[in-house]
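**Student:** Let me begin by handing over the structure; questions about it come next.
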Amino acid sequence: MYNSRISGLGFYVPENVVTNDDLSKVMDTNDEWIQERTGIKERRHVVKGTDTTTSMGVKAAQKAIERAGIDKDEIDFIVFATLSPDYYFPGPGVLVQRDLGLKRTIGALDVRNQCSGFVYGISVADQYIKSGMYKNVLVIGSELHSHGLDMTTRGRGVSVIFGDGAGAAVLTREEDTSKGILSTHLHSEGQHAEELSLIAPGMGKRWVNDIIEDNDPEDTSYFPHMNGQFVFKNAVVRFSEVIMEGLQKNNLGPQDIDMLIPHQANLRISQFIQKKFGLNDDQVFNNIMKYGNTTAASIPIALTEAWEAGKIKEGDLVVLAAFGSGFTWGSVIIRW
Ligand code: COA
């Protein structure tokens, strides 16, 4: 058995900055409401024709591969997490393989676990490496939300929260099993599937043909729906549980955390967790103020920024934790 370690990290966000004031010009909202409820000051939106979920993932991955100090031909497998793929099918994993010019027939897996997608992706990659099947696995989280949101007052409870961007990590075989990814912990509760969801078009309740036939301007089924307060209440409980589960599995406690990277769902959720575990500001990294909630991309973007800022050093205990649509949630415990 081996461990896996994160050998390279990268992120990419589109240049176009959209402030809260910019949003208040197209819907009835304001900077004060958004900042008070979510901590978000601005987010990035792709300008049509410039980037896609795949192209952002490719740019983040190029950086991660370069920093891992390997040739792109050494990538054995791709895991791509997103809820906003370029195409309905095929998923973006194979598009990255093609556009990045990775080895021509390596496997590519698409993960559909929304805000927990990167944590699920890391867990999958870790198992492949632990078992000896692969040596270098590329894990990407990328989202292009902005052009699938209801940017009117009707959609303001959701639209102000989400932003575009991508992050990537290369996981590499580590022979020293006291280092790298120590454990991963995954959960779901499908009972609440529709509380944070995008129903249409799908092969369940709203078919493409239904939408075309109805041609109803009041139809909101193809916009994301979120029961905000219910999501918030579940998030704080599940984040806490899954972080503790990971720590306990490794005979560690909250005081051992050097850096917690929570999925950037809402600054108030991160602050709640920080307070609950008695962590100081240096032990938790947040950048939702700049990028909003970028779903599967939020953890790798935050992890990369924290690492680039020198906030993560060799030997540190790093904890990743996510919660989101599904509901799904999970944690990753890393000895850096
Ligand atoms: N600007 C101004 N007013 C807004 C608004 C916006 N962008 N969005 C909603 N409102 C209004 C509502 O219409 C409502 O008005 P009313 O009282 O006249 O009906 C009022 O603000 C309160 O709405 P509510 O939805 O109850 O607000 P909230 O305090 O629950 O905050 C969230 C909304 C979404 C910020 C909050 O529920 C939240 O953060 N939930 C968790 C979301 C999350 O983390 N999602 C990602 C999970 S991965």
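**Student:** For the stretch 189-283, which helices (runs of 4 or more DSSP H) that fit wholly inside it have 3 or more residues that are away from the ligand (no atom under 16 Å from the Cβ), more than 20 Å from the chain's Cα centre (by Cα) and at pLDDT below 95?
**Tutor:** Per the criteria, 208-214.
**Student:** Give me a count of the residues in the stretch 157-195 that are of a type in the set (A, V, I, L, M) and within 16 Å of Gly324 (Cβ to Cβ). I'd like the intermediate steps shown before the answer.
**Tutor:** To start, the set of residues in the stretch 157-195 that are of a type in the set (A, V, I, L, M) comprises 158, 160-161, 166, 168-171, 181-182, 186, 193.
Checking which are within 16 Å of Gly324 (Cβ to Cβ) leaves us with 158, 161, 186, 193.
The number of residues fulfilling the criteria is 4.
**Student:** If I filter the stretch 290-336 down to residues being in a loop (DSSP other than H, G, I, E, B) and small (Gly, Ala, Ser), which single residue comes out as farthest from the ligand (Cβ to nearest atom)?
**Tutor:** The selected residue is Gly315.
**Student:** For the stretch 284-325, how many residues are on the phi > 0 side of the Ramachandran plot and surrounded by fewer than 21 Cβ atoms within 10 Å (Cβ to Cβ)?
**Tutor:** Count: 2.
**Student:** Out of everything in the stretch 14-66 that is in contact (Cβ under 8 Å) with a residue 12 or more places away in the chain and basic (Lys, Arg), what residue ends up being surrounded by the fewest Cβ atoms within 10 Å (Cβ to Cβ)?
**Tutor:** The residue in question is Lys48.
**Student:** Moving on to the next point. Yes or no: the stretch 125-141 includes at least one residue that is closer than 27 Å to Phe327 by Cα, in a helix (DSSP H, G or I) and out of contact with any Ser or Thr (no Cβ under 7 Å at 6 or more places or on another chain).
**Tutor:** Yes, there is a match, as at least one residue in the stretch 125-141 is closer than 27 Å to Phe327 by Cα, in a helix (DSSP H, G or I) and out of contact with any Ser or Thr (no Cβ under 7 Å at 6 or more places or on another chain).
Residue by residue, here is whether (1) surrounded by fewer than 17 Cβ atoms within 10 Å (Cβ to Cβ); (2) out of contact with any strand residue (DSSP E or B) (no Cβ under 6 Å at 6 or more places or on another chain) holds:
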| position | (1), (2) |
| --- | --- |
| Glu194 | yes, yes |
| Glu213 | yes, yes |
| Asp216 | yes, yes |
| Gln229 | yes, yes |
| Phe239 | no, no |
| Gln248 | yes, yes |
| Gly253 | yes, yes |
| Asp256 | yes, no |
| Leu260 | no, no |
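**Student:** Let me ask you something else. What are the residues in the stretch 92-124 that are assigned to a loop (DSSP other than H, G, I, E, B) and within 18 Å of Thr52 (Cα to Cα), if any?
**Tutor:** Leu100, Gly101, Arg112
**Student:** Another one. Checking the structure you have, find out if any residue of the stretch 117-129 is farther than 22 Å from Ile301 by Cα and crowded, with 19+ Cβ neighbours inside 10 Å.
**Tutor:** Yes, that holds for at least one residue.
**Student:** Could you run through the stretch 77-114 and say how many residues are within 16 Å of the ligand (Cβ to nearest atom) and either of a type in the set (A, V, I, L, M) or over 15 Å from the mean Cα position of the chain (by Cα) (or both)?
**Tutor:** Selection size over the stretch 77-114: 3.
**Student:** It is to be established whether one or more residues within the stretch 152-164 are in the same structural domain as Gly49 (by TED's automatic domain parsing), of a type in the set (Lys, Arg) and surrounded by fewer than 19 Cβ atoms within 10 Å (Cβ to Cβ).
**Tutor:** Yes, the stretch 152-164 contains at least one residue that is in the same structural domain as Gly49 (by TED's automatic domain parsing), of a type in the set (Lys, Arg) and surrounded by fewer than 19 Cβ atoms within 10 Å (Cβ to Cβ).
**Student:** Within the stretch 152-185, track down each residue that is within 15 Å of the ligand (Cβ to nearest atom) and outside any strand (DSSP E or B).
**Tutor:** Result: Thr152, Thr153, Arg154, Gly155, Arg156, Gly157, Val158, Ser159, Val160, Ile161, Gly163.
The values are calculated or read from the model by the stated rules, or taken from the named source; none is laboratory data. All values reported here derive from a predicted model rather than from experimental measurement. Positions of Cβ are generated from backbone atoms using ideal geometry, with glycine treated the same way; all protein chains shown enter the neighbour counts.
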